[in-house]
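Report on the following structure.
The values are calculated or read from the model by the stated rules, or taken from the named source; none is laboratory data. Being a predicted model, the structure only gives us computed values, none of them experimental. Glycine gets a Cβ as well: all are built from the backbone with ideal geometry, and neighbour counts include every protein chain shown. Side chains are part of the model used for accessible areas, which takes the heavy atoms of the whole protein and leaves out ligands, DNA and RNA. Shrake-Rupley method; radii C 1.70, N 1.55, O 1.52, S 1.80 Å.
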Amino acid sequence: MKPAHTALAVLVAALWGVNFVVIDIGLDHFPPLLFCALRFLLAALPAIFLVGRPRVAWRWVVGVGLALGVGKFGLLFVGMNVGMPAGLSSLVLQAQAVFTALLAFAFLRERPGPVRVLGMVVALSGIAVAAVEEGGGSGPLGAFGLVLVAAAFWGVSNVLTRKASPPAPFAFMVWSSAVPVLPLLALSLVFEGPTRDAEALAALDLPGAGAIVYVAVVTTLFGFTAWSRLLRRYDASTVAPYSLLVPVFGMSAAAVFLGEPMSALKWCAAILLVGGVTLTSRGSAPDPAPQTPAGLDWAGPIKPLRRLSSGVRGGAPRRGNGRRVPATPTRSAAAQGAPAPPPATPATLPHPDTTAPRTPSTATRPSPPD
């Protein structure tokens, strides 16, 4: 990836890392599914009236909207609400890099190279170390499972975005944000109840409104629009590993704003994560394009031409069964009234083992179609 795109990926990871602290604050003011619905409602309105159509098939808009809105964030908010801490959530969610690589290999035929695989293994080792340190093996199993499934849905969203390759990522994200609003509101009414939703909306204050604005505008509109641009330009398995930096920023933000301690084991996990992403980035550099002569890059390397007319190849005619037949002597120059050339002497005959290259045919390639 280019340095500017690498910096953009790191910035998005930082914003998403801080987002876990903001989600924790927002869950103190709203039920999780209602909070998630408000997030995508603000991300979609009023922007949906100001941007053009996404210019991709609607199945990609609906697919990304459901996978990202209902699948990833709906399950993440519920998992954090039932006991998953912010720091551990930022770690477990990064299992999406593995899901993305597997799904990209299965559906996009993107084969990660050995260096990239090594980088992912190192980074995931860092996640495992930090998860053990953060959870201590005593975290709520159900909440852990919800966030893990949310990571799988994030992988689905990455692959669908790569497949859609939207030419206007911002419009694509705005329209995709409109998709999960009604499903999330319906799920909130069913599982959280209209009374609880109404009480949360009536008690809206500045911290709650600020949390909605951050998760809607900063992390959704800006973050996922930038992420979509990167996915459009690079392989999904190239971009996704940068999200492994999210727990580094998430743990740091949790330590600063929530008072969570940063132990030596957590720093070790952060080093593994950064080292793994570095290896992954180096392993994702594209191979240089082969150099071809000017004017011939459209057709690739020059190959010997075959004469297709009169069944002739190499100047010797063939019978219908493909066997070479002796060349028929033509009228001699003497018969045409011209002096015959002198007979060749042994000194002028070519040596049978000469290493001189074959002279290519003087016939030229046809010009490429306009």
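Here are some notes:
- Qualifying residue in segment 184-206 (condition: small (Gly, Ala, Ser) and modelled with pLDDT under 90): no
- Any hit, segment 99-119, residues being touching a Ser or Thr at 6+ places or on another chain (Cβ under 6 Å) and of a type in the set (S, T, N, Q): no
Residue-by-condition table, conditions (1) under 13 Å from Thr219 (Cα atoms); (2) in contact (Cβ under 8 Å) with a residue 60 or more places away in the chain; (3) assigned to a helix (DSSP H, G or I):
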| residue | (1), (2), (3) |
| --- | --- |
| Leu11 | yes, yes, yes |
| Val18 | yes, yes, yes |
| Val21 | yes, yes, yes |
| Ile25 | no, yes, yes |
| His29 | no, yes, no |
| Cys36 | yes, yes, yes |
| Leu42 | yes, yes, yes |
| Ile48 | no, yes, yes |
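- Of note, Ser176 satisfies the criterion of being in contact (Cβ under 8 Å) with a residue 24 or more places away in the chain and more than 23 Å from Val82 (Cβ to Cβ).
- Any hit, segment 140-160, residues being over 30 Å from the mean Cα position of the chain (by Cα), open to solvent by less than 40 Å² (accessible area, probe 1.4 Å) and under 30 Å from Glu260 (Cβ atoms): no
- Comparison of Gly250, Gly259 shows that the only residue that is assigned to a loop (DSSP other than H, G, I, E, B) and closer than 18 Å to Leu27 by Cβ is Gly259.
- Within the set Phe49, Phe99, Phe105, the sole residue that is open to solvent by 50 Å² or more (accessible area, probe 1.4 Å), on the phi < 0 side of the Ramachandran plot, out of contact with any helix residue (DSSP H, G or I) (no Cβ under 9 Å at 6 or more places or on another chain) and aromatic (Phe, Trp, Tyr) turns out to be Phe49.
Matching residues to (1) touching a residue at least 24 places away in the same chain (Cβ under 8 Å); (2) assigned to a loop (DSSP other than H, G, I, E, B); (3) within 27 Å of Ser228 (Cβ to Cβ):
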| site | (1), (2), (3) |
| --- | --- |
| Gly83 | yes, yes, no |
| Ser125 | yes, no, no |
| Leu146 | yes, no, yes |
| Ala150 | yes, no, yes |
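- Within the set Tyr214, Tyr242, the sole residue that is farther than 15 Å from Leu27 by Cα and out of contact with any Phe, Trp or Tyr (no Cβ under 6 Å at 6 or more places or on another chain) turns out to be Tyr242.
- Residue list for segment 19-33, filter: crowded, with 22+ Cβ neighbours inside 10 Å and of a type in the set (A, V, I, L, M): Val21, Val22, Ile23, Leu33
- Test for Ala13: is it surrounded by 17 or more Cβ atoms within 10 Å (Cβ to Cβ) and on the phi < 0 side of the Ramachandran plot: yes
- Just one residue in the set Pro114, Pro194, Pro183, Pro169 is under 16 Å from the mean Cα position of the chain (by Cα) and either farther than 30 Å from Ala57 by Cβ or in contact (Cβ under 8 Å) with a residue 40 or more places away in the chain (or both); that residue is Pro169.
- Single match in Leu124, Leu141 (criterion: at negative phi, out of contact with any strand residue (DSSP E or B) (no Cβ under 9 Å at 6 or more places or on another chain), at pLDDT 80 or above and among the aliphatic types (A, V, I, L, M)): Leu124
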